[in-house]
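**Student:** Starting off with a structure, shown below.
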Amino acid sequence: MRCPFCGFEDTKVINSRSIGDRKRRRRECTNCGRRFTTYEMIESPILLVVKKDNTFEPFDRSKLIQSMSLAVKKRPVSIEDINHIVNDIENSCAAEDPPQISTARIGEMVVESLRKLDPVAYVRFTSVYKDFADLDSFISLISELRESEEKDRIRAAGGIIAQDEDNS
């Protein structure tokens, strides 16, 4: 590692620790004695996105974060939540051979994640992703969401009742 101060090529690692998916290394130049920090991370293979017209482009995290940010605007969803979803999508696709994913699959993965995270953001993103053209599309989506939530509530209540009966 080259010293950023004097350019000398011999440095020693004083301290090293993991921070998430990166390594932080505190280094000292053996020539000038000055200290500096470096970060080391795994370089992932280039993930390609297959667009609707069958052309390819490199995966761009910022585009996905931006579109999701519009859907969660003024909702109780943090940027960490969005980054977590984008990381999951990127990691699951990078493991494929070859590392590529269609825009349709990205959209499906985002919709699935937002459905669990925030129903309003889910409806917003889905309406753009599926290109809703009329009010009936919104009504249908919201009806499906309500039915799903009701089924979840019934299952949860049934689980509580079953536990109470077991304890008596």
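The values are calculated or read from the model by the stated rules, or taken from the named source; none is laboratory data. Remember, predicted model here, so these are calculated numbers, not experimental data. Note that each Cβ is placed from the backbone with ideal geometry, even for glycine, and that neighbours are counted across all protein chains shown.
**Student:** How many residues, within the range 113-144, are crowded, with 16+ Cβ neighbours inside 10 Å and in contact with a helix residue (DSSP H, G or I) (Cβ under 7 Å, 6 or more places away or on another chain)?
**Tutor:** Total satisfying the criteria: 13.
**Student:** What number of residues within the range 85-126 satisfy the criterion of being polar (S, T, N, Q), closer than 18 Å to residue 144 by Cα and within 12 Å of the chain's Cα centre (by Cα)?
**Tutor:** The total comes to 1.
**Student:** Out of the residues in the range 120-138 that are in a loop (DSSP other than H, G, I, E, B) and of a type in the set (Asp, Glu), which is modelled with the lowest pLDDT?
**Tutor:** Taking the candidates together, the pick is 131.
**Student:** Return the residue satisfying two criteria in turn: it lies in the range 42-90 and is over 21 Å from residue 102 (Cβ atoms) and touching an Asp or Glu at 6+ places or on another chain (Cβ under 6 Å), and of such residues it is surrounded by the most Cβ atoms within 10 Å (Cβ to Cβ).
**Tutor:** Within the range 42-90, the match that is surrounded by the most Cβ atoms within 10 Å (Cβ to Cβ) is 77.
**Student:** Something else now. Go through the range 46-70 residue by residue and tally those that are modelled with pLDDT of 90 or more, under 14 Å from the mean Cα position of the chain (by Cα) and not charged (D, E, K, R).
**Tutor:** 7
**Student:** Could you give me the residue pairs with C-beta distances under 8 Å whose first residue belongs to the range 1-22 and is without any contact (Cβ under 8 Å) to a residue 12 or more places away in the chain, whose second residue is of a type in the set (Asp, Glu) and part of a loop (DSSP other than H, G, I, E, B) wherever it lies, and which are 6+ apart or on separate chains?
**Tutor:** 2/9
**Student:** Sticking with this structure for a sec: If you go through the range 15-36 one residue at a time, how many are surrounded by 11 or more Cβ atoms within 10 Å (Cβ to Cβ) and at pLDDT 90 or above?
**Tutor:** 15
**Student:** While we're looking at this one, here's another question. Hey, can you tell me all the residues within the range 48-98 that are assigned to a helix (DSSP H, G or I), more than 13 Å from residue 118 (Cβ to Cβ) and either among the polar types (S, T, N, Q) or outside the structural domain of residue 115 (by TED's automatic domain parsing) (or both)?
**Tutor:** Result: 62, 66, 67, 83, 87, 91, 92.
**Student:** Give me the residue from the range 58-104 that is small (Gly, Ala, Ser) and either free of Cβ contacts under 8 Å to residues at least 12 places away in the same chain or in contact with a helix residue (DSSP H, G or I) (Cβ under 8 Å, 6 or more places away or on another chain) (or both) and, out of that set, farthest from residue 131 (Cα to Cα).
**Tutor:** Result: 95.
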